[in-house]
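Comments concern the structure below.
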Amino acid sequence: MSEVPQTDVSRPSALPTAKLHNRAPQNLSEQNSAEYLDNIENEWNKRVDTEIETLVDGMVDLVSLASIGDKDKFRMAQEAFQAQSRADSMVRAANSLLAITHSLKLLLLLSDEQQISQKRDAELKVIREQKTEARKECAALLNELL
């Protein structure tokens, strides 16, 4: 009875050691939060730009493959294969963009709403101060004209 029952469930013995991102190691203590957030934003933008570039290149290739003319069966089969592979890569890019969108939505939903509202309120305060200063300047200029 002291035997461990055997099952077909995998039991990982250690955490995976694969590197998911090829980032240059940075000392986080040297980076302030604004720089850190800017770096993360740039990474997201690069991912989106890469996927959109894949979609655009695929569409350009599909349009170029859609030429009408005298073609033999080999050429038609070759173009059909190229069109199918381009369409597959475009579908992968579109699915990746959907995953990016989903991740960004989750980041927004799970982010610190208090910090976002404080930042928005601070920006609103600065804009209101700028507005009142601009009104004072306009009133002074108007008084000089009159």
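Any read-out appearing in this document is the output of simple, stated calculations on the displayed coordinates, not a laboratory observation. These figures come from a predicted structure and were not determined experimentally. Quick reminder, even Gly has a Cβ in these numbers, built from the backbone with ideal geometry, and neighbours come from all protein chains shown.
Each label was represented as a point 7 Å from its Cα along the Cα-to-Cβ direction; for Ala80 and Ala66 these points are 1.8 nm apart.
Suppose R0 equals 35 Å; then what is the FRET efficiency for Thr132 and Asp38 from their Cβ-Cβ distance, rounded to the nearest 0.05? Here the calculated transfer efficiency is 0.70. Multiplying the residue separation of Asp49 and Leu109 by 0.36 nm and subtracting their alpha-carbon distance yields 19.3 nm.
With θ taken as phi - 60° and the Karplus curve 6.51 cos²θ - 1.76 cosθ + 1.60 applied, the whole-hertz 3J(HN,Hα) list for the range 40-55 is 5, 4, 5, 5, 4, 4, 5, 4, 5, 4, 5, 5, 5, 4, 4, 5 Hz, x standing for glycine and proline.
Give the lysines reachable from Lys105 as a straight Cα distance under 29 Å; neighbours fewer than 8 places away on the same chain don't count. Candidates past the 8-residue exclusion: Lys19, Lys46, Lys119, Lys125.
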